Amino acid sequence: MEFDYVIVGGGSAGSVLAGRLSEDPNISVCLLEAGGPGKHIGIRMPAAVVSALPGRPKISNWAFETVPQKGLNGRKGYQPRGKALGGSSAINAMLYIRGQRQDYDGWADLGCAGWDWDSVLPYFKRSENNEQGADELHGDSGPLQVSDQKEPRPITHAFIDAASQMQHRRVEDFNRGDNEGVGLYQVTQFHDPARNGERCSAAAAYVHPVMDRPNLTVITHAHAKELTFDGKRATGVIYKKRAKGADISVTARREVLICAGALQSPQLLQLSGIGNGEELRQHGIAVRHDLPGVGKNLQDHLDFILAYKTKDTDNFGIGLTAGMRLMGHLLRWRKTGSSMASTPFAEGAAFLKTSPELDRPDIQLHFAIALVDDHARKLHYGHGYSCHICKLRPESRGTVGRHSADPFAAPAIDPKFLSDDRDLQTMIKGARMMRDIMQAPALAAYRHKEMFGTETAETD
């Protein structure tokens, strides 16, 4: 099979490229995705992400783990990654966040021409179909539907009030270039009547509506094994439908576009002999191009969580009453697109500075209407809520490597969490700020019991 373009990975980037490139009827495009179509109810219903996130079983989720982390006392970090058309946008919390103006301008200052805020803004607007309509910063005719949350819970509004009591400003729109403050996230969720309340993954926006284009070929359950070459020019991809299946080749007349994400893009390059030559030889991989930077400079956001039990039942919980109430929400969602089943879970947002001298926020908070423990891999009876903190620009740098030459083996992921002490110090400051919000009067009526022992552990 021969095409003009072959795209490896149907996630957020691959879906956009497939949809946009195939708009030209004179160009043929092949999209390879290792997962399924990304259309089942567990993806379409936002709250059903809880079935995919733990990775038990691995429903639309690669469910990777890091290597043991010295900065976490030898623990492994869990790394959920989407395995379906839409990629991680099929299993994430749907939060629509562009980022901070200074981050983009800083990339341009470093030499990334065209990546400043003013240059990328037209593309954000073009991609967006915002429920609030078009203005100088938003679009209303793009493929990606962006919505206000359907029914944020009262406890989320209490979180926003609590942050206001700690003198943090309220923000109505986190996508205007200055994120600092507290408010509600917007979400990548359908707001048109036909699919109101469903998740709008990148595939649902860019690929599913155009699957009938004669110049677009989408192949799911296609696990890329390696790239093919003419000299040092990539000419195609070899993939398998199953681990013991036959090799299948596709050829690209113009380009091979690798869109397998931050973890599996370097993995595919390494499997194809592109990477640190010494490391590749250790796994018996023939070196095609000794490029030591492949798989290096991995940057990941470490998450710390405060969790609380509550007697309030207008949120997610585990138990007979909670289950019966949830059934009612599921039925109402099927009829109207609203109800608690439409929630992103992480309803409340805050972008804060741990020091007033900073020119932009350095931490982000996610307030969730459930008691989240290890990505829902540990469950607790009853109702609860939680708040997460991450450092926005971590200093620690890690790697993505190989455990073996087996293309079906998970990559060796080593973020080297907290290897730079600056990350630890920021997280400590941020955790204290987060706990001040969680202890504020506005949340007093909801607080019943703080989990994980932090209530009595006041040291750094």
| task | Please work out the Cα convex hull volume for region 62-140 and give it in Å³ per residue. | result | 160 Å³
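Order S89, S419, most accessible first, counting only protein heavy atoms with a 1.4 angstrom probe.
Descending order: S419, S89.
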| remark: Here P(r) for region 316-460, Cα-Cα distances in 10 Å bins, as whole percents, is 9, 27, 31, 22, 11, 0
| said: Considering the Cα positions of region 235-291, please state its Rg to one decimal place and its Dmax as a whole number of Å. | reply: 12.5, 33
| Looking at the chain, which longest stretch skips every one of the GluC sites (Glu not before Pro) that is in a DSSP loop with at most 13 other Cβ atoms within 10 Å, leaving the sites themselves out? | 173-356
| task | Express in Å², to the nearest 10, the accessible area of K150 obtained by rolling a 1.4 Å probe over the protein heavy atoms while all chains stay in place. | result | 40 Å²
| query | Which value results when the Cα radius of gyration for the chain is divided by 2.2 N^0.38 Å? | reply | 0.99
| note | Summing +1 per Lys or Arg and -1 per Asp or Glu among the other residues with Cβ less than 11 Å from I219's Cβ gives 0
| Solvent exposure, largest accessible area first (probe 1.4 Å, DNA, RNA and ligands not counted), of Y381, Y104 | Y381, Y104
| field | Spin-label pair W115/D314, simplified geometry with 7 Å Cα→Cβ offset, distance in nm | value | 4.4 nm
| said: Compute, for the chain, the length of the dipole vector about the Cα centre, with Cβ point charges of +1 (Lys, Arg) and -1 (Asp, Glu) only. Units Debye, rounded to 20. | reply: 1740 debye
| query | What is the percent of Cα-Cα separations in region 293-385 that go past 17 Å? | reply | 63 percent
| request: Go through C200, C259 and list them by solvent-accessible area, largest first, probe radius 1.4 Å. | output: C259, C200
| Positive-pole candidate from S119, S164, A93, dipole of region 89-182, charges at beta carbon | A93
| Neighbourhood net charge (12 Å Cβ-Cβ; Lys/Arg +1, Asp/Glu -1) for V67 | +3
| note | Expressed in nanometres to one decimal, the distance between label points 7 Å along Cα→Cβ at Q439 and E23 is 5.3 nm
| said: Under the rule a/c < 1.5 gives rounded, and otherwise a/b versus b/c splits prolate from oblate, where does region 184-278 land using the Cα gyration tensor? | reply: prolate
| query | Over all directions, what mean area does the Cα convex hull of region 123-166 project, stated in square nanometres? | reply | 4.2 nm²
| query | If you add up the charges near R402, with Lys and Arg at +1 and Asp and Glu at -1, over every other residue whose beta carbon is less than 14 angstrom from its beta carbon, what do you get? | reply | -2
| query | Taking the Cα centre of each part, how many Å lie between region 153-221 and region 344-394? | reply | 16 Å
| What are the extents of the Cα atoms of region 1-91 along their three principal axes, listed from largest to smallest and rounded to whole Å? | 55, 31, 20
| query | How many percent of the alpha carbon pairs in region 137-198 exceed a separation of 16 Å? | reply | 55 percent
| Orientation-averaged projected area, Cα convex hull of region 238-352 (nm²) | 14.7 nm²
| query | How much solvent-accessible surface does F64 expose, in Å² to the nearest 10, with a 1.4 Å probe and all protein chains in place? | reply | 10 Å²
| request: In Å and from the alpha-carbon atoms only, list the Rg and Dmax of region 81-186. | output: 15.7, 45
| How large is the accessible surface per residue of the chain, computed with a 1.4 Å probe and reported in Å² as a whole number? | 46 Å²
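The values are calculated or read from the model by the stated rules, or taken from the named source; none is laboratory data. What you see is a predicted model; the values in this text were computed from it and never measured. Methodologically, a virtual Cβ is constructed for each residue, glycine included, from the backbone with ideal geometry; neighbour enumeration extends over all protein chains shown. Calculation scope for accessible area: heavy atoms of the full protein, side chains included, ligands and nucleic acids excluded. Shrake-Rupley method; radii C 1.70, N 1.55, O 1.52, S 1.80 Å.
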